[in-house]
Amino acid sequence: MATNTETARTVEALSEQRYKYGFVTDIEADSAPPGLNEEIVRFISAKKGEPEWLLDWRLRAYHRWMETAEDTPSWAHLDYPEIDYQASSYYSAPLRDEDRPKSLDEIDPELLKTYEKLGIPLQEQEMLSGVAVDAVFDSVSVATTFKSKLAELGVIFCSLSEAVAEHPELVQKYLGSVVPYADNYFATLNSAVFTDGSFVYIPKGVRCPMELSTYFRINAANTGQFERTLIIADEGSYVSYLEGCTAPMRDENQLHAAVVELVAFDDAEIKYSTVQNWYPGDENGKGGIFNFVTKRGACRGRNSKISWTQVETGSAITWKYPSCLLLGDGSSGEFYSIAITNNCQQADTGTKMIHVGKNTKSRIVSKGVSAGRANQTYRGLVRVQGKADNARNHTQCDSLLIGEQCGAHTVPYIESRNASAQLEHEATTSKISEDQLFYCRQRGIAEEEAVALIVNGFCREVLQELPMEFAVEAQKLVAISLEGSVG
Amino acid sequence: MLEIKGLSVSVAGKEILKDFSLSVAAGEVHAIMGPNGSGKSTLSYVLAGREGYDITAGSVLYRGQDLFALEPEMRAREGLFLAFQYPVEIPGVGSATFLKTAVNAIRKHRGEKEYDAMEFLKVMREKRDALGISEEMMRRTLNVGFSGGEKKRNEILQMALLEPYLAVLDETDSGLDIDALKVAADGINALRSPERAMIVITHYQRLLEYVVPDYVHVLADGRVVRSGGKELALELEEKGYSGFTGNAEAAA
C-alpha cells in the first residue's frame, strides 16, 4: 500500500537524525563504588548526615528489597535484559559537601553551560519566567532560587536532604505515607538508596505564585538515579510543579527508579507536570535509560484535586503509572499523558484512579504515538470502592501508529464495587494517513514538519493542560522527538 | 507557465490519462470539463505530485523546470497550488496554525522573512474578511466539522495567502449552493492576474458563469476531445457530455 511505503520512508529518513541533547559534562564526581549492600546504604545516609530514623527506614527498605530480589515485576509489556544491580553505583555528587555552592554565582560554569545547551539557562529563567528552579544534578541539588520570595509566603521549596535537616517533622510524617517502602520492587529500591529530590510544602490557604520547577540531569557513568520527591499541599492551597529532564548520550543502560509522593488536603490542588526526554538509546536499541517510576498522589481532603500531566518522549524503557488515591469526598484526579516511542523504545505507562470517597471524579486522557519498531502499552486501572457513591470516570485512550513495525496496546482495568458509579471508556487507534501528509506537502510543508504538525495536533488535548512555560518546550520536544525518533 | 506534452498516466494498471497535452500561459484561465471518470482529478493529483500514479509517457514543464523532478512540497513552494475537491481533515491542528506553517514554508523558500504570529494574523485577517471567513472558523481544527462551503472557502483563503503562479482548482464548485458559489467565484476572480495562471476543473458550466475562462477543454476518457473559448462551455451545457464522448469514440 502506498500509505505504508510512504510513512515507512518518512520514518526511515527522520530516524537518521541523532539525539540532539547527547553531550556529557565533565564534572569531578564523588561516587560510591559500584554495588549494593548494607554498607552502601549506610554510606549514603552518612554522606548526607541523616538522622537515625531515616537510616533505619532505608535499612528496612534495603532488607525488604533483598528478600524480594527475585520479584521484579513481570506483568508489564516490556522486554529488557536482566538488570545487574551490583554493577551500578548508588551515589554520585558533583562536588564535595563542603564545596556545595550557596548561590548561582558559585555554580560550576560547566553546569551552567550544560543548562544553556538545553536552552534553560538558570539566570535567564530566574529573570524572565519567574520560575524557581531547584536543579538536581547528579543526585544532589546544586541550585535553589527564589527561595526567599517563597519563604515570605511560608512555602518550603528545597531539596529533600535540606528538608530532612530543617523540617524533619514534616519529612518523617509524610515520607513513605503515599508510597510505602514495601510498595513495589523499584519503590523499595528507591527507599533504600534515594539520593535526593525536591521537597515542597504549601501552607494553608496559600496559592503558590510561581511554577516550581526541577530539572533533572543524569550525568555520571554507571550511576543509577534514585530521586525522591515529596509535595504536601495543606488545606486550601495550590501549587503547580514542573519536572523536566534530558540526559547526555551514553552507551550503557542507566537505571532510574524515582518515587514521587503528593499529598493534598481539604480544597487543595496539586498540578504536577513532567517532560521526560532521557536518552532513548540508538536506532538499534543500544543504550538508553531504564525508567521505572512510582508516582502517586493522595487526595486526602474533601474536594482536593491532583492532576498529573506527562510528556514522555525519552528512555529506552518506561514503566510509569502516576496515580491518584481519591480518599476525600468530592476529590478529583486527572491524568493527561503523551507518550512517544520510536526505534526500539518501549513504554508501559498509564495510571490508577482509586475512588474511595463519595462523589469522587477522575479523568484520563492518554495519547500514545508509536513509530519505528517501538512498542507501547497504555495500562490503566479505574477502581470504585464500595463506599464511593456517585463516582465518575472518563477515560480516553488514543493511539497513533507511524509505520508498519510498531505496536500499540491498550489494557484498561475497570473495577466497580458500587452500582452508582458512572464509568466511560473510549479508545481509538489511527495512523497518519497519506491524504493528510499529501495535503500538508501540497501546501509547501516538508514531510518531517507535516508529521510534527499532525502529531502535535493529535496530542493537543494534553499539550494544552501544560503550564505556559512548559507547553512551548513540550511542543518543541515533540518536534525534536519526531525529527530524531518518531518520523 | 505550463507545458504538458503527451501525458499518459495509469493507476493500478488502468490507463486514466491518454496522450494528454495542454499549454497554459501566465494570465490565462483554462477550464477543464468532463464527465465523471474522465481523468480530471487524476490530472490535478499528477500535477501536484501525489503518489500512486504511474506516468507511462509524456512530460510536464512548469516554469522551465521538469515538474516530475520536484517533490510535492517543492512544487508547492515553486508556486503550484491545488485547491482540493475534498480538503483533508487534520484533527487537533488549528486552521490558523496550519496556514501560518504553510505560508512561512513558502516565504522561506522565496527568501522572504517568515511572519511572526502577529504579522500573520494581520495578513490573514485582510484575506479572510474578503471571503467572509470568520475568526472563529480559523480557530477551529483544520477542516474538522467544516461545512462543504467552509472547506472550499478555506481552500481559496489558502490560495490567496500562498499566492501561487499556477492554481489548479479541482471541482471547487462541487457541493456549493448558489450563494457559496458566488463567494468562492469572487475569491477566485480577485486572484486573477497577468502573472498567475489557473486551471479550473469542473463538472458543470455553472462555475464558469462567474469565473469566465479564456479557454475551455473537454476531457473524455482521458483525452481532450474539444478545445475552444468560453462559448464551448455553453455548447456543452446544451448538448451534454454524451455528444462529445460519442465524437471521441467516432474519432478513435
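A few points about this structure:
- Just one of the listed residues (A:Ala264, A:Ala233, A:Ala257, A:Ala316) is in contact with a Leu (Cβ under 7 Å, 6 or more places away or on another chain) and crowded, with 23+ Cβ neighbours inside 10 Å, and it is A:Ala257.
- For the range B:90-129, the set of residues classified as within 13 Å of chain A (Cβ to nearest Cβ), out of contact with any strand residue (DSSP E or B) (no Cβ under 8 Å at 6 or more places or on another chain) and part of a loop (DSSP other than H, G, I, E, B) consists of B:Arg110, B:Glu112, B:Glu114, listed by residue number.
- Number of the condition not met by B:Arg139 [criteria: (1) farther than 17 Å from A:Glu447 by Cα; (2) modelled with pLDDT of 90 or more; (3) surrounded by fewer than 16 Cβ atoms within 10 Å (Cβ to Cβ); (4) within 14 Å of another protein chain (Cβ to nearest Cβ)]: (2)
- Any hit, the range B:188-207, residues being on the phi < 0 side of the Ramachandran plot, more than 14 Å from chain A (Cβ to nearest Cβ) and over 17 Å from the mean Cα position of the chain (by Cα): yes
- Being among the hydroxyl-bearing types (Ser, Thr, Tyr) and open to solvent by less than 10 Å² (accessible area, probe 1.4 Å) is a property that holds for B:Thr172.
- Elements of type strands (runs of 3 or more DSSP E) in the range A:312-424, at least 3 residues being closer than 22 Å to A:Leu463 by Cβ: A:332-341, A:346-355, A:361-371, A:375-384, A:392-402
- Number of residues in the range B:61-74 that are more than 8 Å from chain A (Cβ to nearest Cβ) and buried (at least 20 other Cβ atoms within 10 Å of the Cβ): the value is 2.
- Yes/no for A:Thr351 being within 28 Å of A:Tyr80 (Cβ to Cβ) and not aliphatic (A, V, I, L, M): yes
- Sub-9 Å Cβ pairs linking a first residue in the range A:156-181 that is without any contact (Cβ under 8 Å) to a residue 12 or more places away in the chain to a second residue that is buried (at least 22 other Cβ atoms within 10 Å of the Cβ) and among the small types (Gly, Ala, Ser), at least 6 apart or interchain, are A:Pro180/A:Ala187; A:Pro180/A:Ser191, ordered by first then second residue.
- Top-ranked residue of the range B:1-41 - restricted to ones that are within 14 Å of chain A (Cβ to nearest Cβ) and either part of a loop (DSSP other than H, G, I, E, B) or in contact (Cβ under 8 Å) with a residue 60 or more places away in the chain (or both), ranked as surrounded by the most Cβ atoms within 10 Å (Cβ to Cβ): B:Ser41
- Check on B:Gly132, away from chain A (no Cβ under 14 Å) and farther than 18 Å from B:Leu161 by Cα: no
- Residue list for the range B:88-124, restricted to those being over 14 Å from B:Met138 (Cβ atoms) and of a type in the set (D, E, K, R): B:Glu89, B:Arg107, B:Lys108, B:Arg110, B:Glu112, B:Lys113, B:Glu114, B:Asp116, B:Glu119
The values are calculated or read from the model by the stated rules, or taken from the named source; none is laboratory data. All values reported here derive from a predicted model rather than from experimental measurement. Don't worry about glycine lacking a Cβ; one is built from the backbone with ideal geometry, like all the others, and counts go over all protein chains shown. Protein only, heavy atoms only, side chains kept; ligands, DNA and RNA dropped before computing areas. Shrake-Rupley method; radii C 1.70, N 1.55, O 1.52, S 1.80 Å.
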